[in-house]
Amino acid sequence: MEPIILASASPRRQDFFRLMGLPFTRVPAMIDETPPAGLNPRQAAEEIARRKALAVAERPRTGDPPPWVFAADTIVVLENEIFGKPADRDGARRMLERLAGRRHEVITAMALYNGRLKTANCRSKTSEVAFAPLAGAEIEWYLDTGEWEGAAGAYQLQGLGACLIEAVNGSPSGVAGLPLYDFYAMLRDNGFPYGRR
């Protein structure tokens, strides 16, 4: 298989790539992830994922251009408000207080850049997450774990954050940062040789 450049610093996405046996090199995009104005949350997530993929694909380098670059962006949406990664513990507390006892959406957008065609294909997966009601002490306990750092919405489904979640309607791996079925379908649909002999 050809290697993929993973335009992400996310340890979770690296774990998913390893799980799938995909050869990859990690090159974080390091772009401004502020959601663009005038777009709905799904469009905003897809635009950020596209920007990440193109930022890495178009960097000056020696040798041949990369055949594949993959980027993703995960956002939490409550009442049409985007919750990104909290800047600090107080910001994480405010997010968790608002999410507690309510349903919200998690959108993971993906962009796959084909270096031969010079195109970036985008798609996204939306899942609904039902948070349990949380007492203040429970929120403080979770904040003490440090899992909120670098996590959209201030929680991680694949860690102790699962203790806060009553149900997921959609893709659990998408809530964790990469909807595996949709990613597999994206590779297949764009001609990447994965999952076939």
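The values are calculated or read from the model by the stated rules, or taken from the named source; none is laboratory data. Treat the numbers as computed from the prediction; the structure is a model and nothing was measured. Note that each Cβ is placed from the backbone with ideal geometry, even for glycine, and that neighbours are counted across all protein chains shown.
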Selection over segment 68-83 where residues are of a type in the set (S, T, N, Q) and not in a strand (DSSP E or B) yields a count of 1
Are there any pairs with C-beta distances below 7 angstrom linking a residue in segment 130-142 that is more than 11 Å from residue 101 (Cβ to Cβ) to a residue that is among the basic types (Lys, Arg) and at pLDDT 95 or above, with the two at least 6 apart or on different chains, and if so which?
-> 139/93
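Of all the residues that make up segment 84-110, how many are in a strand (DSSP E or B) and buried (at least 22 other Cβ atoms within 10 Å of the Cβ)?
So in segment 84-110, the residues in a strand (DSSP E or B) come out as 103-110.
After this cut, where a residue has to be buried (at least 22 other Cβ atoms within 10 Å of the Cβ) as well, the list is 106-110.
Qualifying residue count, segment 84-110: 5.
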Assess whether residue 168 counts as being part of a strand (DSSP E or B) and free of Cβ contacts under 8 Å to residues at least 40 places away in the same chain.
-> no
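Those residues that are under 18 Å from residue 78 (Cβ atoms) and in contact with a Ser or Thr (Cβ under 6 Å, 6 or more places away or on another chain), I need them from segment 169-197; list them, please.
Keep residues of segment 169-197 that are under 18 Å from residue 78 (Cβ atoms), which gives 169-170, 174-175.
Across segment 169-197, the qualifying residues are 170, 174, 175.
Determine if segment 58-70 includes at least one residue that is surrounded by 23 or more Cβ atoms within 10 Å (Cβ to Cβ) and touching a Ser or Thr at 6+ places or on another chain (Cβ under 6 Å). Quick ask: steps written out before the conclusion?
Looking only at segment 58-70, we keep the residues that are surrounded by 23 or more Cβ atoms within 10 Å (Cβ to Cβ), and these are 68-70.
This time we only want the ones that are touching a Ser or Thr at 6+ places or on another chain (Cβ under 6 Å), so: none.
Taking every residue of segment 58-70 in turn, none turns out to be surrounded by 23 or more Cβ atoms within 10 Å (Cβ to Cβ) and touching a Ser or Thr at 6+ places or on another chain (Cβ under 6 Å).
Given the criterion without any contact (Cβ under 8 Å) to a residue 40 or more places away in the chain, farther than 13 Å from residue 113 by Cα and not polar (S, T, N, Q), identify the matching residue among 1, 30. Outline the logic, then answer.
Numbers: 1 fails: without any contact (Cβ under 8 Å) to a residue 40 or more places away in the chain.
Every option except 30 fails the conditions.
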